[in-house]
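*Asks:* Structure incoming, see below.
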Amino acid sequence: MEALESLCESCLQAGASDLFLREGATPFIRLGDQLVGIETEATTEELFNYLWSVCGAKPEASDHDASFVTRSGLRFRVNLHRQLGVRGAVLRNIKTNIPSMEELGLPVALLQKWFSRPSGLILVTGSTGTGKSTTMAAGLEWLNQTTTRHIITIEDPVEYLFQENLCRFTQREVGADTPTFAEGLRRALRQSPDIILLGEIRDAVSASTALQAAETGHLVLASLHSSSAAEAVERLHRIFSPEEREDASALLAAQLVGVFTQQLLPGLNKKLFLVGEHFENQAATRQWIRKGGGTELVDFMQNSQSPENRSMTTSLVQSYRDGNVSHEAALAAAPVVDEFRRASMGISSQALQSGQSHS
């Protein structure tokens with residue numbers, strides 16, 4: 001349909017990440033953290049009938065996820081929904097131009113070391129819309145340019161299409177190519193993979209299969225919804241039943257490479273700025289991971305002098321001091337406000353504890 005094709009083209013030309021449609025209303029797009037209206041006519045019933053049909057949604061469907069490819073080859077992941085009885089849709093562009101880790105502002109040396117591991121589990125975490133998929137894609141694209149691997153991705157839906165260079169990619173979409181994350185991951189083990197990207201760990205079955213894949217000599221990358229690296233460990237600990245927890249947590253402690261948690265903040269240059277925290281699993285952290293101990297991990301990241309370990313507070317303070325984000329934005333994103341205020345004034349937690357112990 002010409003109207004929908006035109007809207008998708010306009011979205012791409014504007015550099016937008018998302019296209020928002022509502023029946024009978026003017027469309028708008030997301031540019032960075034801003035929502036901008038498109039100067040065009042309101043969307044019609046005909047457009048939504050076509051979109052519902054081409055996405056394979058039943059006419060009475062109230063929620064449906066799918067993919068959509070324009071005649072010119074643009075790919076979008078689509079969420080169809082209803083609100084107050086009116087049909088709506090959000091289309092996100094599936095990109096083939098993958099930014100580098102340097103462009104994203106990631107800790108390049110650390111992540112390249114992790115992505116070079118022959119096996120283990122790497123977790124990339126954060127809340128919805130913080131760029132987890134982009135971070136994982138950047139890492140895989142670095143591998144695609146530097147080494148020969150068979151990489152299998154299992155996503156819902158596929159967010160980036162890789163152009164094969166040195167690596168060979170098998171990209172599978174949940175629903176279209178495999179019924180579930182867990183089933184796709186289980187089947188992937190029979191497809192001679194070197195690296196498996198799991199779009200999201202959602203349940204104990206996918207978590208257990210990911211850990212087993214790591215244990216049998218594969219590098220597994222997975223995303224998880226969590227606001228901190230310590231919370232990610234706690235979530236994985238709790239995802240298993242009490243009967244499974246001890247064995248699963250021991251396997252996690254043995255196979256985890258590291259956790260990288262990210263946020264996107266409004267930068268002073270009007271663009272989104274990535275801030276992250278991370279820890280690399282080592283002898284000191286394995287005992288806490290086995291117990292699901294988040295508090296010890298927080299203290300470890302906060303007090304570690306190693307570049308492999310960095311707390312969100314430390315990253316926020318550095319980003320503020322470097323002039324990348326405002327004090328207000330950093331403060332709003334801080335896990336503990338008082339801790340950020342002290343750190344931004346140059347007062348460390350260790351100094352504070354030392355002062356208290358001598359008072």
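*Asks:* Within region 53-67, how many residues are in a strand (DSSP E or B) and in contact (Cβ under 8 Å) with a residue 24 or more places away in the chain?
*Replies:* Result for region 53-67: 3.
*Asks:* What tally of residues in region 137-157 results from selecting those that are among the acidic types (Asp, Glu) and in a loop (DSSP other than H, G, I, E, B)?
*Replies:* Matching residues across region 137-157 total 1.
*Asks:* Just the residues that are within 22 Å of the chain's Cα centre (by Cα) and without any contact (Cβ under 8 Å) to a residue 40 or more places away in the chain, please, taken from region 243-273.
*Replies:* 253
*Asks:* If a residue has to be surrounded by 15 or more Cβ atoms within 10 Å (Cβ to Cβ) and of a type in the set (Lys, Arg) to count, how many in region 83-127 make the cut?
*Replies:* So the count comes out to 3.
*Asks:* Sort out which residues of region 142-197 are of a type in the set (Asp, Glu) and either surrounded by 15 or more Cβ atoms within 10 Å (Cβ to Cβ) or not assigned by TED's automatic domain parsing to the domain that holds residue 110 (or both), and write them in order of number.
*Replies:* Across region 142-197, the qualifying residues are 155, 156, 159, 173, 183, 194.
*Asks:* Let me ask something else about it. Considering only residues that are in a loop (DSSP other than H, G, I, E, B) and among the hydrophobic types (A, V, I, L, M, F, W, C), look in region 158-176 and name the one that is farthest from residue 202 (Cα to Cα).
*Replies:* Among those that are in a loop (DSSP other than H, G, I, E, B) and among the hydrophobic types (A, V, I, L, M, F, W, C), it is 166.
*Asks:* Under the condition of being without any contact (Cβ under 8 Å) to a residue 24 or more places away in the chain, outside any loop (DSSP other than H, G, I, E, B) and under 22 Å from the mean Cα position of the chain (by Cα), which residue from region 177-193 is farthest from residue 122 (Cα to Cα)?
*Replies:* 183
*Asks:* Given (1) modelled with pLDDT under 95; (2) part of a loop (DSSP other than H, G, I, E, B), where does residue 50 come up short, assuming only one miss?
*Replies:* Unmet for residue 50, out of (1) modelled with pLDDT under 95; (2) part of a loop (DSSP other than H, G, I, E, B): (2).
*Asks:* Please specify each residue of region 92-124 satisfying the condition of being outside any loop (DSSP other than H, G, I, E, B), modelled with pLDDT of 95 or more and of a type in the set (A, V, I, L, M, F, W, C).
*Replies:* 101, 104, 108, 109, 110, 111, 114, 115, 121, 122, 123, 124
*Asks:* Here's another thing I want to ask about it. In region 1-35, which residues are surrounded by fewer than 18 Cβ atoms within 10 Å (Cβ to Cβ) and in a helix (DSSP H, G or I)?
*Replies:* The answer is 2, 3, 5, 6, 9, 10, 12, 13.
*Asks:* Mind counting the residues in region 274-286 that are modelled with pLDDT under 95 and under 18 Å from the mean Cα position of the chain (by Cα)?
*Replies:* Looking only at that region, the number is 0.
*Asks:* Another one. Which pairs do you get when a residue that is closer than 13 Å to residue 97 by Cα, found in region 129-145, comes within reach of a residue that is assigned to a helix (DSSP H, G or I) and not basic (Lys, Arg), reach meaning Cβ atoms under 6 angstrom, with the pair 6+ apart or on two chains?
*Replies:* 138/101; 138/104
The values are calculated or read from the model by the stated rules, or taken from the named source; none is laboratory data. Predicted, not measured: the structure shown is a model, and the values here were computed from it. So basically every Cβ, Gly included, is an ideal-geometry build from the backbone, and we count neighbours across all protein chains shown.
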